[in-house]
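Below is one structure, written out as structure tokens; the observations come after it.
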Amino acid sequence: MSSLLAKRVDRPPAAVGLVIGAYLESLRRSKNLGLAQAASRIGMSGNRLNRIEAGLPPLRDDELKDLLDVYRTVCPPPERDGTRRLLETADACSWDGCRDAGPGWVARLRACEQAAGSLRICTHAVPGIFQTSGYALAYQRALPQRPLRASRIAATQRALPVGHGKHVTVYLDQRVLTLAYGGPATMAQQLAHLLSVAQRGDAEILIVPYEAAVLGPSAPLSMLELHGQALLIEESFAAVYSTGDDAARCCRQYLEPAADGAHTAARSLDLLDAAQRAFQWESTR
């Protein structure tokens with residue numbers, strides 16, 4: 001990851017561009033359209049659309065509106081409005097960062113996760129991409145401030161497909177193995193799913209022990225590789241995106257210590273298996 005963070009281009013994509021580009025690509029794929037097909041519908045070249053999806057500036061508001069109109073059957077009006085508002089904030093945001101709290105923010109977050117070539121996640125809860133529906137709802141209901149119902153529903157639709165081909169590493173707080181969100185049966189199901197994910201090779205799940213105390217903020221942190229750029233995401237009731245120096249600093253402060261302090265993959269699997277068996281036994285009492 002350090003080599004990725006060190007990469008320099010004349011003008012790398014801003015965080016806003018990367019997020020909107022990934023979202024537009026996800027909409028196009030949902031419509032089963034090729035680059036040339038989608039671009040031709042608004043009189044744009046396929047090369048231009050390819051650059052937009054890669055987050056390369058500048059993206060004009062009229063271009064975004066036209067593309068969202070093409071994808072309107074897979075993009076509800078609130079998501080369209082939220083995406084256009086995110087673009088409008090680009091001038092107010094720093095080049096390296098932006099905050100997305102508008103309608104459809106979870107859909108745009110999911111698009112970034114789906115488009116990423118690799119993900120490293122540092123978290124005090126099971127990450128959204130591997131949550132079961134029961135755990136997702138129970139976890140969000142337990143939060144001090146509950147997000148909108150639409151966000152809770154969307155959070156259960158972020159799962160990466162089986163055999164996704166991405167390199168995914170999760171640094172998971174060991175406390176997760178003791179917190180019974182939704183009750184023992186829900187936790188047994190969730191941990192069984194995590195074990196399956198790890199055993200299939202869809203992700204490396206590494207448990208960070210209590211004594212390491214290196215996981216930092218309570219909000220999940222994700223480092224994505226997106227179109228050759230490092231994109232850091234801090235997720236709570238919105239998504240805060242960072243690139244460049246901000247992403248590099250957060251990587252050094254949280255992700256690298258978590259990697260150094262985590263148990264081995266084999267030991268982590270043993271801990272997951274033991275916790276899953278304990279919750280399973282508890283659910284049958």
Nearest 500 deg cm²/dmol is fine: what mean residue ellipticity at 222 nm does the chain get from its DSSP H runs of n ≥ 4 alone, each adding -39,500 (n - 2.57), divided by its residue count? -14000 deg cm²/dmol
DSSP beta bridges in the chain, what fraction antiparallel, as a percent rounded to 5? 65 percent
With every protein chain left in place, what is the accessible area per residue of the chain in square angstrom, probe 1.4 Å? 46 Å²
What's the magnitude of the charge dipole for the chain around its Cα centre, counting Lys and Arg as +1 and Asp and Glu as -1 at the beta-carbon? Answer in Debye, nearest 20. 680 debye
Any chance you could look up the accessible area of residue 41 with a 1.4 Å probe, heavy atoms only, rounded to 10 Å²? 140 Å²
Under unit Cβ charges (Lys, Arg +1; Asp, Glu -1), what dipole magnitude, rounded to 20 debye, does region 66-137 have relative to its Cα centre? 240 debye
Which value in nm describes the separation of the simple spin-label points at residue 256 and residue 32, placed 7 Å from the Cα toward the beta carbon? 4.7 nm
Which FRET efficiency value, to the nearest 0.05, do you get for residue 175 and residue 81 by plugging their Cβ-Cβ distance into 1/(1 + (r/R0)^6) with R0 = 30 Å? 0.20
Taking 0.36 nm per residue of separation and subtracting the Cα-Cα distance, what length does fully extending residue 265 through residue 51 add? 73.2 nm
Multiplying the sequence separation of residue 274 and residue 69 by 0.36 nm and subtracting their Cα-Cα distance, what value in nm do you get? 68.7 nm
Return the carbon/sulfur percentage of the accessible area of the chain, one whole number, probe 1.4 Å, all protein chains in place. 49 percent
P(r) tail for the chain, what percent of Cα pairs lie past 30 Å? 31 percent
Could you compute how much accessible surface residue 236 exposes when probed at 1.4 Å, giving the result in Å² to the nearest 10? 70 Å²
Each residue of region 111-122 in order: what ³J(HN,Hα) in whole Hz does its phi give by Karplus 6.51 cos²θ - 1.76 cosθ + 1.60, θ = phi - 60°, with x for Gly and Pro? 4, 5, 5, 5, 7, 5, x, 8, 9, 10, 10, 10
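The values are calculated or read from the model by the stated rules, or taken from the named source; none is laboratory data. Computed from a predicted model, the values in this text were never measured in an experiment. As a convention, Cβ positions derive from the backbone with ideal geometry for all residues, glycine included, and neighbour counts pool all protein chains shown. Side chains are part of the model used for accessible areas, which takes the heavy atoms of the whole protein and leaves out ligands, DNA and RNA. Shrake-Rupley method; radii C 1.70, N 1.55, O 1.52, S 1.80 Å.
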